[in-house]
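The values are calculated or read from the model by the stated rules, or taken from the named source; none is laboratory data. Computed from a predicted model, the values in this text were never measured in an experiment. Backbone-built Cβ (ideal geometry, glycine too); neighbour counts: all protein chains shown. To get the accessible areas, we keep the full protein, side chains included, count just its heavy atoms, and leave off ligands, DNA and RNA. Shrake-Rupley method; radii C 1.70, N 1.55, O 1.52, S 1.80 Å.
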Amino acid sequence: MIKGKNSNKTVLLRADIDGLPIKDESKFEIKSEREGYMHACGHDIHATCLLGAAKDELNGNVKLVFQPAEEGIGGALPMIEDGILENPHVDAAFALHVEPLEKTGNIQIKDGSIMASPDDFKIVVHGVGGHASAPEKCVNPVTIGTAIITEFEKLNATVLKDKPCVMTVCYFNGGTCNNAIPQTAEIMGTARSLDNETREMLIELLDKTAHETAKKHGTTIDFTFNKLFPPVANNSEMNDVIRNSAKKLTCINEVVTLDKPAMAGDDFSYFGENVPSAYFKLGVGNVEKGAVYPIHSPKFIADEDALPIGSAILSQTAVDYLDTYNN
């Protein structure tokens with residue numbers, strides 16, 4: 001918490017801090033000390049930029065928030081429920097995320113939805129197990145699971161093709177050996193959307209398709225859809241604060257306006273549901289330094305020249321917001 005000379009307004013700057021369970025295969029000289037884990041999403045960059053943004057002589061208050069679990073279980077909502085937006089009350093929130101496919105010196109911004117709801121689903125296919133030599137006496141959940149996945153891919157090619165969503169099967173598991181038909185098989189995946197109407201449509205469509213396919217093959221399924229976070233939707237006024245702040249910084253070459261949102265998710269959306277907020281991307285790509293791999297790649301590295309740029313834009317945005325909205 002940084003207390004300014006004028007306490008009428010408070011701005012929140014968030015950095016997510018988690019690593020990922022990915023083996024580090026990058027050529028970067030500094031690697032994680034924990035085998036099998038790495039900062040493959042650049043959250044160490046986010047934390048460093050936020051620390052660099054700390055400064056005094058502000059025309060208001062700034063809360064620097066180091067948030068865990070922006071994916072998966074989610075960390076924003078528990079922090080909000082625990083009072084992070086109060087004492088003093090937060091009036092606006094900003095966050096950045098690295099983008100290795102954007103050049104260092106650039107930032108990316110978008111009005112409206114910039115990230116999706118990262119929901120997931122699980123299907124348990126019930127079969128009748130038995131010896132692989134007598135499939136006619138069994139109901140093979142592996143075969144039926146394959147049929148369900150095939151029907152899902154048909155949905156991707158037809159119904160969902162032009163919708164603001166993406167559905168991907170990422171896990172299929174059934175059986176323990178090569179000569180026994182299993183009792184069950186499991187399918188898991190993600191279903192991401194940019195608005196609540198599409199979200200509800202996805203739930204109904206996947207549920208119906210999976211159940212009808214299973215019924216056609218003489219069996220049943222359990223279908224579970226796990227709603228995670230809302231889409232990240234930027235406030236246009238807060239985006240304008242970032243744009244105007246970027247114009248003041250010689251270290252920023254270009255503010256790139258995105259045409260389409262990313263279908264990844266981030267629970268920063270909960271901050272946006274409570275206060276005017278904006279989320280933008282910090283370019284960390286540099287071909288000469290090998291910073292060319294996408295986030296979540298085991299070869300991911302970020303151009304560290306982006307660190308002072310990230311700190312500068314966070315600082316300038318906080319200063320400009322407080323100067324503008326405290327007057």
Quickly run through segment 33-65 and pick out the residues that are more than 18 Å from G310 (Cα to Cα) and modelled with pLDDT of 70 or more. E33, R34, E35, G36, Y37, L58, N59, G60, N61
If the requirement is being open to solvent by 30 Å² or more (accessible area, probe 1.4 Å) and either of a type in the set (A, V, I, L, M, F, W, C) or touching a residue at least 40 places away in the same chain (Cβ under 8 Å) (or both), which of these qualifies: L96, L101? L101
Does K299 satisfy the criteria of being of a type in the set (K, R), in contact (Cβ under 8 Å) with a residue 60 or more places away in the chain and surrounded by fewer than 19 Cβ atoms within 10 Å (Cβ to Cβ)? yes
Does V166 qualify as being under 30 Å from F271 (Cβ atoms), under 32 Å from the mean Cα position of the chain (by Cα) and among the β-branched types (V, I, T)? yes
Give me the residue from segment 302-312 that is touching a Ser or Thr at 6+ places or on another chain (Cβ under 6 Å) and open to solvent by less than 60 Å² (accessible area, probe 1.4 Å) and, out of that set, modelled with the lowest pLDDT. L307
Can you pull out the residues in segment 218-252 that are among the hydroxyl-bearing types (S, T, Y) and free of Cβ contacts under 8 Å to residues at least 60 places away in the same chain? T250
Which residues, counting only those in segment 167-183, are touching a residue at least 24 places away in the same chain (Cβ under 8 Å) and surrounded by 16 or more Cβ atoms within 10 Å (Cβ to Cβ)? M167, F172, G174, G175, I181, P182, Q183
When you go through (1) part of a helix (DSSP H, G or I); (2) open to solvent by 20 Å² or more (accessible area, probe 1.4 Å) one by one for T317, which number turns out not to apply? (2)
Scan segment 144-172 for residues that are in a loop (DSSP other than H, G, I, E, B) and of a type in the set (K, R) and jot them down. K161, K163
Just to be sure, is T198 free of Cβ contacts under 8 Å to residues at least 60 places away in the same chain and touching a Lys or Arg at 6+ places or on another chain (Cβ under 8 Å)? yes
Within segment 131-159, the count of residues that are more than 22 Å from K215 (Cα to Cα) and touching a Leu at 6+ places or on another chain (Cβ under 8 Å) comes to 0
Identify the residue in segment 212-229 that is closer than 20 Å to V128 by Cβ and among the hydroxyl-bearing types (S, T, Y) and, among all such residues, is farthest from the chain's Cα centre (by Cα). T219
Just checking: which of the strands (runs of 3 or more DSSP E) contained wholly in segment 192-294 hold 2 or more residues that are at pLDDT 95 or above and either open to solvent by 20 Å² or more (accessible area, probe 1.4 Å) or at negative phi (or both)? 221-226, 254-257, 277-285
Step by step: first the residues of segment 116-130, then only those that are open to solvent by 10 Å² or more (accessible area, probe 1.4 Å) and farther than 20 Å from T213 by Cα, then the one that is nearest to the chain's Cα centre (by Cα). Which residue is that? P118
Please go through (1) open to solvent by less than 20 Å² (accessible area, probe 1.4 Å); (2) modelled with pLDDT under 90; (3) touching a Lys or Arg at 6+ places or on another chain (Cβ under 8 Å) for Y325 and return the number of the only condition it doesn't satisfy. (1)
